[in-house]
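Reading through the structure tokens given below for one structure.
Every number here is computed from the coordinates shown, using simple stated rules; none is lab data. Predicted model only: the values in this text are computed from it and were never measured. As a convention, Cβ positions derive from the backbone with ideal geometry for all residues, glycine included, and neighbour counts pool all protein chains shown.
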Amino acid sequence: MPTVISNGIRIHYEERGSGDPLILIMGLGAPGSRWEDHAACYEKHFRCILMDNRGAGESDRPPGPYTTKTMADDTVGLMLALGLESASIAGISMGSAIAQELALSYPKKVRRLALVSSWSRCDRYTQTVFEHFKKMRALASPADFTQLLQLWIASAPYYQEHFDEMVGDQAKAQEDYMPVHAFQAQSDACVMHNTFDRLDKITVPTLLTVGDADIFTPMRLTVEMHERIPGSQMVVFKGLGHIHHWEDLERFNDVTMQFLSEN
């Protein structure tokens, strides 16, 4: 499995396709392979790099604390190891928070920015959600915690329609389950993330996508980002949740491909 040493730890990544580089950063608790359904589309036009964040997948799982800035540094280290001077960046949920820090700390490294189910700062509600996840991750079985997470990130109609698939994922949860310390460190990074007062410094073309039925990171958090990032675009997926990128995969891939392919 391909790995590099970045920011003092081992980072695992996989590649798909060829063309201009596109780095895909996944969210809380998830390995980079969760991008597969999107990379199958993107790889026709881009050199896709699916990375495992620290604590997830096959990357190292050092003790905390983690921050989104630290994980942005990890990403830049991966880029340097691969000889990439710059790349387009797409991030889902926690990955979008990392992508914000990447664009702010290393503006010359970022060509375009796609932020999915994002936030720039936690309000009391969102902070409490992350704290609850931390608590339940320590107390619940892998299957029970996966079920809890599914109920937060999927819209009700999608959960209903894909119930058997959801139950199957619960049964397989142990296979790629993160250790508690790594999940909690990633959760803390999400809580501490705050780029709100710096968003106007993001100068690269930016796309924000959001489901208006997202109860995890509600749409108001994306709206306030859209209002502060100069020239940003926002696309709303009506009736869909935090994982709108899977709930309407075809439209999401079309929207993001069009944005990422613009000159």
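Along the charge dipole of the chain, Cβ charges K/R +1 and D/E -1, which of 59, 147, 253 sits furthest on the positive end?
Of 59, 147, 253, it is 59.
With springs only between Cα atoms under 10 Å apart, run a GNM on the chain and tell me which of 150, 174, 233 wobbles the most.
Taking springs between Cα atoms under 10 Å, the residue moving most is 174.
If you average the sequence gap of Cα pairs under 8 Å that are 6 or more apart and divide by the length of region 53-144, what percent do you get for the contact order?
In percent, rounded to a whole number, it is 22.
What number, in percent, do you get for the relative contact order of the chain if the mean sequence gap of Cα pairs under 8 Å and at least 6 apart is divided by its residue count?
It comes to 20 percent, rounded to a whole number.
What does the charge dipole of region 94-156 about its Cα centre add up to, to the nearest 20 debye, if the Cβ of each Lys and Arg holds +1 and the Cβ of each Asp and Glu holds -1?
Computed charge dipole of region 94-156: roughly 360 debye.
Which one, 22, 132, 83, projects farthest toward the positive side of the charge dipole computed for the chain from Cβ point charges (K/R +1, D/E -1)?
Ranked along the dipole, the leading option is 83.
Taking the Cα centre of region 1-145 as origin and charging only Cβ (+1 Lys, Arg; -1 Asp, Glu), how large is the dipole, in debye to the nearest 20?
Magnitude of the dipole: close to 360 debye.
With +1 assigned to the C-beta of every Lys and Arg and -1 to the C-beta of every Asp and Glu, and no other charges, what is the dipole magnitude of region 144-263 about the Cα centre in debye, to the nearest 20?
In total the dipole reaches around 460 debye.
Please give the calculated 222 nm ellipticity per residue for the chain, where each DSSP H segment of at least 4 residues contributes -39500 (n - 2.57) and the sum is spread over every residue; nearest 500 deg cm²/dmol?
Value at 222 nm, helices only, nearest 500: -13000 deg cm²/dmol.
For a quick check: with amide H placed at 1.01 Å from N, whose amide H comes under 5 Å from residue 214's, ignoring anything fewer than 5 positions away on the same chain?
The list, which skips near neighbours in sequence, is 219.
With the crude spin-label approximation of a point 7 Å out along Cα→Cβ, what separation in nm comes out for residue 262 versus residue 174?
Roughly 4.8 nm, to one decimal.
Please give the FRET efficiency for residue 106 paired with residue 224, using the beta carbon to beta carbon distance and R0 = 35 Å, rounded to the nearest 0.05.
0.90
With just the Cα atoms of region 78-188, tell me how far they stretch along each of the three principal axes, in Å, largest first.
43, 29, 28
Please work out the Kirkwood hydrodynamic radius for the chain, using every pair of different C-alpha atoms, and report it in angstroms with one decimal place.
When all Cα pairs of the chain are included, the Kirkwood radius is 18.2 Å.
If amide H atoms are built 1.01 Å from N in the plane of the peptide, which residues on other chains or at least 5 residues away come under 5 Å of the amide H of residue 87?
Long-range HN contacts for residue 87: 110, 111.
Taking a cut-off of 30 Å between Cα atoms, list the lysines near residue 109, but don't count ones fewer than 8 places away on the same chain.
Answer for residue 109, where 30 Å is the Cα cut-off: 44, 69, 201, listed by chain and number.
Calculate, in whole percent, how much of the Cα-Cα pair population of region 103-252 lies beyond 28 Å.
Tail of P(r) above 28 Å: 25 percent of Cα pairs.
List the longest stretch of the chain that has no exposed loop site; here a site is one of the trypsin sites (Lys or Arg not before Pro) assigned by DSSP to anything other than H, G, I, E or B, with at most 13 other Cβ within 10 Å.
Here the longest segment lacking exposed loop sites spans 45-171.
From the residues 160, 46, 170, which one has its Cα farthest along the dipole of the chain in the positive direction, the dipole being from +1 and -1 charges on Cβ of Lys/Arg and Asp/Glu about the Cα centre?
Projecting each Cα onto the dipole axis, the largest value belongs to 46.
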